[in-house]
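Below is one structure, written out as structure tokens, with a few remarks after it.
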Amino acid sequence: MHELSLALEVIDLVSKETQKKSLSRVFEMEIEVGTLSGVEAETFQSALEMVVKGTLLEDSKIIINQTFAVGTCSDCQKDFNMKERMATCPDCRSYPSKIIGGDQFRVVSILAE
Ligand SMILES: [Zn+2]
């Protein structure tokens, strides 16, 4: 499972980062998952819950923010939120001529002491 290896990677990164700064507790971590990032937010969240046990993220509040890609319709020029890569304009069902954002997968912030 792709999300599971990503979850392990995030924990690894956070562990290294907190070690470097001599921090021992993480209160909160915020992660941004774009709808076109190839990561399924819910699957990622449950994968993360599975692997945090015994790590310094075990009791942390983990916030997963899903961000949408915005496509511009190639026919009516309307901007619309894209939940998936093949999303079409809600009005004319055309594919977008331009897509902005939605491909990020990143740790936005970590609150630790
Ligand atoms: Zn349209």
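Derivation of every value follows stated rules applied to the coordinates shown; laboratory data play no part. Since the structure is predicted, the reported quantities are computational estimates derived from the model, not experimental observations. Quick reminder, even Gly has a Cβ in these numbers, built from the backbone with ideal geometry, and neighbours come from all protein chains shown.
Counting only helical runs of four or more DSSP H residues, what would the 222 nm mean residue ellipticity of the chain come to if each run contributes -39,500 (n - 2.57) and the total is spread over all its residues?
-8500 deg cm²/dmol
How do Ile62, Ile100, Ile31 rank when sorted from fewest to most other Cβ atoms within 10 Å of their own Cβ?
Ranking Ile62, Ile100, Ile31 by Cβ neighbours within 10 Å, fewest first, gives Ile100, Ile62, Ile31.
For q = 0.10, 0.17, 0.21 Å⁻¹, what log10 I(q)/I(0) does segment 2-112 give under the Debye formula with an equal point scatterer on each alpha carbon and no solvent?
-0.37, -0.77, -1.00
Once the other residues with Cβ under 12 Å from the Cβ of Leu13 are scored (Lys, Arg +1; Asp, Glu -1), what is the net sum?
Taking every other residue near Leu13 into account, the sum is 0.
Take a quick pass over the chain and tell me how many lysine pairs come in under 18 angstrom between Cα atoms, counting only ones 8 or more apart or on separate chains.
The result is 4.
By how many degrees, between 0 and 90 and to the nearest 10, does the Cα long axis of helix 41-51 differ from the longest principal axis of the chain?
10
In segment 33-58, which residues have a backbone nitrogen under 15 Å from the label point lying 7 Å from Asn81's Cα in the Cα-to-Cβ direction?
Answer for segment 33-58: 33-36, 41-42.
List the residues, sorted by chain then number, that are 5 or more residues from Glu28 or on another chain and whose placed amide H is less than 5 Å from its amide H.
Residues meeting the amide H criterion: Lys61, Leu111.
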